[in-house]
Every structure is written in structure tokens, then in C-alpha cells.
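**Q** Below is a structure I'd like to ask you about.
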Amino acid sequence: MKREKILSAMEAKATEIYESKEQYSKNPKRGVIVVQVQSEENPARWDSSILLFGETFVGPAMENGYPISNGFSFDTTVHEKIAYVRRTGKNSGAAYYDMIGHESFWTGALISDDGKCICAFSGFAGEDDVAVAAAGIGQWIVESV
């Protein structure tokens, strides 16, 4: 199955980045990998696979007994990135004013040149999220040839 190979390529890239950068490896793994493939029979249907890469969120933060952050959900963010990509046919990372509703302006979701595969990751800094997604798109190209 194409999606399994794409997920494996993305997980391998995420692991490589995690293990090679202290900013990530000093903490537990965290992030969400998603692959969506457009159905050949029904172009309005996107089949989705999700692979959790450790923790899926960062919990709330407190300082001197007061909340300073309500936390961050990688699961929510990866889907917000995908929503923008599917709506526009462009990779995520656009300006805030280009967003509709809760779409995300963060980078890390890429669409294949044929428009039939979206690969996305949320859990690292933007350029590393893009690298994980790019590994998936690269596998899509290999599988499509």
C-alpha cells in the first residue's frame, strides 16, 4: 500500500531529525505524521492515515501558580495545515491573512505536483516539519512511477 510506504519514509526522516538535533532529542519524541491520498474513484474523498510520533501535545504551562500557556496540540495543527493545502492546492506556510477560519499558516504540509497526495508533519520547527513531509512526497513520486 502506497500510504504505508509513505508513512514509513516520513517516520524514518522524523527519527533521523529527532536523533540528530539536540533541541529535539533532549525531550521525548513528539509530533503527528499524516498522509492523505485522493481517491481515484471519487475525487471528493481523501483517504487519510495518521502515525503518532510520540507525544501529540505539549501540556499547559504554569508560572508562579498562573497559567502562561494552555498548551499546544500537534494533532490539531497538522490538520489545520492540511485544510489550507487541500483548499488552495498550495503548500502550507502562507501569510495569516490568506487563512480561512482555523487553517494554519505554519509550514509542514506539502502537496504533490499531481495534486493527489498531501503529506504533513507537526512536531518540530517549520523547516524540519517540511523535511519530514518532503520525504513522504518523495516516496509518493517513487510509488507513482
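**Q** Given the criterion in contact with a helix residue (DSSP H, G or I) (Cβ under 8 Å, 6 or more places away or on another chain), at pLDDT 95 or above and not charged (D, E, K, R), identify the matching residue among Phe74, Phe124.
**A** Phe124
**Q** Can we say Pro67 is surrounded by fewer than 12 Cβ atoms within 10 Å (Cβ to Cβ) and part of a strand (DSSP E or B)?
**A** Here the answer is yes, as Pro67 does meet what is asked.
**Q** Kindly list the number of the only condition in (1) open to solvent by 50 Å² or more (accessible area, probe 1.4 Å); (2) at pLDDT 95 or above; (3) in a strand (DSSP E or B); (4) not hydroxyl-bearing (Ser, Thr, Tyr) that fails for Gln36.
**A** The number of the failed condition is (1).
**Q** Which one is most open to solvent (accessible area, probe 1.4 Å), of the residues in the range 70-91 that are more than 14 Å from Thr56 (Cα to Cα) and under 10 Å from the mean Cα position of the chain (by Cα)?
**A** Within the range 70-91, the match that is most open to solvent (accessible area, probe 1.4 Å) is Glu80.
**Q** Cβ-Cβ under 9 Å, sequence separation 6+ or interchain: first residue in the range 8-20 and surrounded by fewer than 21 Cβ atoms within 10 Å (Cβ to Cβ), partner of a type in the set (Ser, Thr, Tyr). Which pairs?
**A** Glu19/Ser25
**Q** Six or more apart or on different chains, Cβ atoms under 6 Å: show the pairs whose first residue is in the range 133-145 and closer than 14 Å to Ala12 by Cβ and whose second is assigned to a helix (DSSP H, G or I) and open to solvent by 50 Å² or more (accessible area, probe 1.4 Å).
**A** Ala135/Lys13; Gln139/Lys5
**Q** I need the full set of residues from the range 14-33 which are outside any loop (DSSP other than H, G, I, E, B), within 18 Å of Gly108 (Cβ to Cβ) and among the charged types (D, E, K, R), in order please.
**A** Correct list: Glu16, Arg30.
**Q** Okay, next question. When you check Asn91 against the structure, is it under 25 Å from Gly138 (Cα atoms), in contact (Cβ under 8 Å) with a residue 12 or more places away in the chain and of a type in the set (S, T, N, Q), yes or no? Spell out how you get there, then give the answer.
**A** Values: under 25 Å from Gly138 (Cα atoms): yes; in contact (Cβ under 8 Å) with a residue 12 or more places away in the chain: yes; of a type in the set (S, T, N, Q): yes.
When the stated conditions are applied, Asn91 passes them.
**Q** Separate question: Considering only residues that are part of a helix (DSSP H, G or I) and in contact with a Lys or Arg (Cβ under 8 Å, 6 or more places away or on another chain), which ones fall in the range 113-133?
**A** Hits for the range 113-133 are Asp128, Ala131, Val132.
**Q** Hey, another quick one. Could you run through the range 103-145 and say how many residues are charged (D, E, K, R) and surrounded by 24 or more Cβ atoms within 10 Å (Cβ to Cβ)?
**A** Residues meeting the conditions: 1.
**Q** With the requirement that a residue be open to solvent by less than 50 Å² (accessible area, probe 1.4 Å) and hydrophobic (A, V, I, L, M, F, W, C), what does the range 39-54 give you?
**A** Answer for the range 39-54, where residues must be open to solvent by less than 50 Å² (accessible area, probe 1.4 Å) and hydrophobic (A, V, I, L, M, F, W, C): Leu51, Phe53.
The values are calculated or read from the model by the stated rules, or taken from the named source; none is laboratory data. Values in this document were obtained by computation on a predicted structure and should not be read as measured data. Positions of Cβ are generated from backbone atoms using ideal geometry, with glycine treated the same way; all protein chains shown enter the neighbour counts. Ligands, DNA and RNA are stripped out before the accessible areas are found, and what is left, the full protein with its side chains, is counted by its heavy atoms. Shrake-Rupley method; radii C 1.70, N 1.55, O 1.52, S 1.80 Å.
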